[in-house]
Amino acid sequence: MRYWHLGRAPYTREALGEIADEVFKFIRVTKGKIKKCLVLDCDNTLWGGIIGEDGLAGIKLGKTYPGSPFYEFQQEILNLHHRGVILALCSKNNEADVWEVFHNHPDMVLKQEHIAAAQINWNDKASNLRQIASDLNIGLDSLVFVDDSEFEVNLVQQNLPEVEVIHLPATKSVHYRDILASYSGFDTLTLTEEDKKRGAMYRAEVTRNKLRQEVTDLASYYQSLEMVAEINFADTFTIPRIAQLTQKTNQFNLTTRRYTEADVTAMVESPSVDIISLRLGDSFGDLGLVGVCILKYDQTWAEIDTFLLSCRALGRMAEDLFLGHVLELVKVREFHLVKGTYLSTRKNAQVKDFYVKQGFTTIAETPERIMFEYDLSKYTGQFQASSKK
């Protein structure tokens, strides 16, 4: 009431701080600053004590103190898993000892099936984090590393500054759950069905990567995957996922324009816009909706406003197939010229030459922007999907 009487301010300073935190969460998401993977230490993080020394019966983990803080911490981790956060382990340990806890401890909340990738060995954790990012095919800046050891946290901060770290002091285990729950890096505006399946999708991706390392003939590898692509126009069911991909995708994203669900809905309803999506599956499982293209039509030409692919779909030549369908759709719409733009960011350098490799002509270039066009008289492909929204 004091602030109200002094300045007709409806909120206290503390309340304004809370409001600002919530607004920042929205800004973080719309700017694509979302983290994807929670990487966890094991000893004195997932449970109290050291499994290699204390044994299965000696570690602290249970529904009563002193094991209850770790039990509740795992419950919060599982909540993140169900919200689509990828879980990984990075632990200096004997691998068999760690998995014994996951398989046999009666109060273990997390199970091995929740873990998409694991580096359990005696290597330094910076190197192991690099390997985890590689196995999952995501950027290091998508990782959040959690450890009780100040030494390990400092090592990662110094060697991998792009990885965000959360230090859990061993003396404050009762606060572990609150510390993780208050972290906003995993917040999203929507929760889709694909979010709920993400852990399983990335576990399958690790298996695919291992298979790829074992084969020398890439064509045979692609054939063995038995890939299936499905291309559709955006609808009520896919709009949330499409918006989410524009907000989260950074690497294979030609323009990195961010859109909310309301933005996407308005474009779907516009007669001068087409939004199409790409869904992939293979013999290992469904990769989900992984590609988005937004086409905007002028009187005489079509503009590719957005063309993106999720990182888990990279390295499959799916982008070539997808763009081919985009070009054929424009032909069906009876436009003869397609324009595309590459907007440079810190993360999307790999797609700088994508349009050139697809036969587009460069028409203007600055350090931040390259503009391309494509004469559709050159394209002879066949578009199989319906041309109607």
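Quick look at the numbers
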read-out	value
Residue count, the stretch 42-59 (criterion: under 30 Å from Asn137 (Cβ atoms) and not in a loop (DSSP other than H, G, I, E, B))	3
Residues of the stretch 225-251 satisfying the condition of being without any contact (Cβ under 8 Å) to a residue 60 or more places away in the chain and within 17 Å of Val268 (Cα to Cα)	Ala234, Asp235, Thr236, Phe237, Thr238, Ile239, Pro240, Arg241, Ile242, Ala243, Gln244
Evaluation of Leu321 against (1) modelled with pLDDT under 95; (2) within 18 Å of the chain's Cα centre (by Cα) (one fails), failing number	(2)
Residue within the stretch 299-312 that is surrounded by fewer than 17 Cβ atoms within 10 Å (Cβ to Cβ) and either within 25 Å of Asp141 (Cβ to Cβ) or without any contact (Cβ under 8 Å) to a residue 24 or more places away in the chain (or both) present	yes
Single condition Tyr221 does not satisfy, out of (1) within 30 Å of Leu295 (Cβ to Cβ); (2) out of contact with any strand residue (DSSP E or B) (no Cβ under 7 Å at 6 or more places or on another chain); (3) surrounded by 16 or more Cβ atoms within 10 Å (Cβ to Cβ); (4) of a type outside the set (Gly, Ala, Ser)	(1)
Subset of the stretch 245-268 that is hydroxyl-bearing (Ser, Thr, Tyr) and under 19 Å from the mean Cα position of the chain (by Cα) - its residue that is surrounded by the fewest Cβ atoms within 10 Å (Cβ to Cβ)	Thr260
Subset of the stretch 318-349 that is in contact with a helix residue (DSSP H, G or I) (Cβ under 8 Å, 6 or more places away or on another chain) and not in a loop (DSSP other than H, G, I, E, B) - its residue that is surrounded by the fewest Cβ atoms within 10 Å (Cβ to Cβ)	Leu337
Whichever residue in the stretch 165-174 is under 14 Å from Glu76 (Cβ atoms) and touching a residue at least 40 places away in the same chain (Cβ under 8 Å) and, among such residues, is surrounded by the fewest Cβ atoms within 10 Å (Cβ to Cβ)	Val174
Helices (runs of 4 or more DSSP H) (entirely within the stretch 60-142) containing at least 2 residues that are open to solvent by 60 Å² or more (accessible area, probe 1.4 Å) and within 24 Å of Asp195 (Cα to Cα)	68-82, 125-136
Qualifying residue in the stretch 259-270 (condition: modelled with pLDDT under 95, of a type in the set (S, T, N, Q) and within 28 Å of Asp135 (Cβ to Cβ))	no
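The values are calculated or read from the model by the stated rules, or taken from the named source; none is laboratory data. Predicted model only: the values in this text are computed from it and were never measured. Here the Cβ is made from the backbone with ideal geometry for all residues, glycine too, and neighbour counts use every protein chain on show. Heavy atoms of the whole protein, side chains included, go into the accessibility calculation; ligands, DNA and RNA do not. Shrake-Rupley method; radii C 1.70, N 1.55, O 1.52, S 1.80 Å.
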